[in-house]
Amino acid sequence: MTADERAEDMFIKGFTYGYDARRGMYRTEEALSSIKRLAGLGGDWAALAFSIRQDTFCSTVIRPDYRYTVTDKDVYTAIERLHGEGLKVCLKPMINCADGIWRARITFPDAEYGNRDYWKEWFDCYTAFLCHYAEIAEETGCEMFCVGCEMLGTEHKADLWRCAIGEVRKIYRGPIVYNTNHGSENSVSWWDAVDYIGTSAYFKVAGIPGESCENMLSEWEKQKTRLCALSKAHHDKKIIFMEIGIRSARGCAMMPYDFSHREFPYDEDEQANFYESCMRAMWNEDWFAGFFWWDWYTYLPKKTLEMGFSIVGKKAEDVVKKWYKKERE
């Protein structure tokens, strides 16, 4: 089956797994217990997400930090465990900046300075980074490979992105996705180079804290109109929500990407309403290829009133189980 044929048939009932991991964490018994509960949601996919760091937003070298970076052995183990629980795997290696700047700000001068082509240097390193993990994805039978996440400052370099993806395709034979950020989907000119349009779907769907599910649903309908047009503009290429979710805190549906406001009160209902409204809105759209909810930790949270993106033991976990048991119409 070709990548195009797989892209035609695929619908993802997924979750992002393991972004919190550091060296050795994927190999723990606690991580295995977490994967087993993830599989118990009734979904069929996991995006195995982990990050490698460059020193600053303008560094041209990407390298592991051996104190923290997950090892290849860690990655192999996580893939084996996810497959062992019946989950397909999208391997999602990501770049972060050690100086704390969001990866979307990675950028360089467009002109050469001092006989240095900073863009070429960075893309040479980034391509090698991708190819390293593409080899692992191919060897382990990963069912999808993600070539980047929220790299907004680099997206205008279409020729360099096409070259990088071309090198990945020499190694990895499965479907490839790129993950832009919500609101930036129309800025990517090279969607034809990948098999899926991916986005971090942290769309604002609430006008007030504690918004109702019905009001959120009406906001999702507005986003659907724009996203459907995007798919049609690219020859009906399907769209995946590569990241989507909110914390269990009141007001987060107004800014689903938020992870910093700790003064918000705990609210499982708003989180559950966000999940329910999105599932209702997107489930049967033929141009939509599914969800990788953000995110499932390598451990099962034990803290009462945990206010992160986790849905473990919260109302949203029941929402996911309900929907992931359904077939599409």
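Bear in mind these aren't lab numbers, they're just calculated from the coordinates by the rules spelled out. Computed from a prediction, not measured in an experiment: that's the story for all the values here. No Cβ is skipped: glycine too gets one built from the backbone with ideal geometry, and neighbour counts run over all protein chains shown.
Remarks
- Spatially proximal lysines relative to residue 238 (Cα-Cα < 26 Å; intrachain offsets below 8 disregarded): 13, 88, 92, 157, 170, 204, 222, 224, 321, 322, 325, 326
- Efficiency of FRET between residue 36 and residue 262 - r from beta-carbon atoms, R0 30 angstrom, step 0.05: 0.50
- Fewest-first sequence of 288, 259, 274 by Cβ atoms within 10 Å of each Cβ: 259, 288, 274
- Computed P(r) (all Cα pairs; the chain; 10 Å bins; percent): 6, 26, 36, 25, 6, 1
- Positive-end residue, the chain charge dipole about Cα centroid, Cβ charges, pick of 178, 239, 298: 298
- Taking other C-beta atoms within 10 angstrom as a stand-in for reagent exposure, 10, 254, 242, 216 fall in the order 254, 10, 216, 242, fewest first.
- Order of 150, 285 under a 10 Å beta carbon neighbour criterion, fewest first: 285, 150
- Extension gain, residue 269 to residue 214, is 18.5 nm, computed as 0.36 nm per intervening residue step minus the present C-alpha separation.
- Loop-located GluC sites (Glu not before Pro) in the range 192-265 (DSSP state other than H, G, I, E, B) with a sparse environment of at most 12 neighbouring Cβ atoms within 10 Å: 263.
- Candidates 316, 78, 98, ranked by Gaussian network fluctuation over the chain, Cα under 10 Å, top entry: 98
- Judged by the mean number of other Cβ atoms found within 10 Å, the most tightly packed of the peptides 138-149, 167-178 leads the ranking 138-149, 167-178.
- Residues of the range 30-60 falling in the label zone of residue 23, defined by backbone nitrogen less than 11 Å from a point 7 Å along Cα to beta-carbon, are absent.
- Loop-located GluC sites (Glu not before Pro) across the range 41-124 with a Cβ neighbour count of 11 or fewer within 10 Å are 112, with loop assigned by DSSP.
- Restricting the trypsin sites (Lys or Arg not before Pro) of the range 1-92 to loop positions (DSSP other than H, G, I, E, B) with no more than 12 neighbouring Cβ atoms within 10 Å leaves 67.
- For the chain, averaging the sequence separation of C-alpha pairs within contact (under 8 Å, six or more residues apart) and dividing by the residue count gives a relative contact order of 20 percent.
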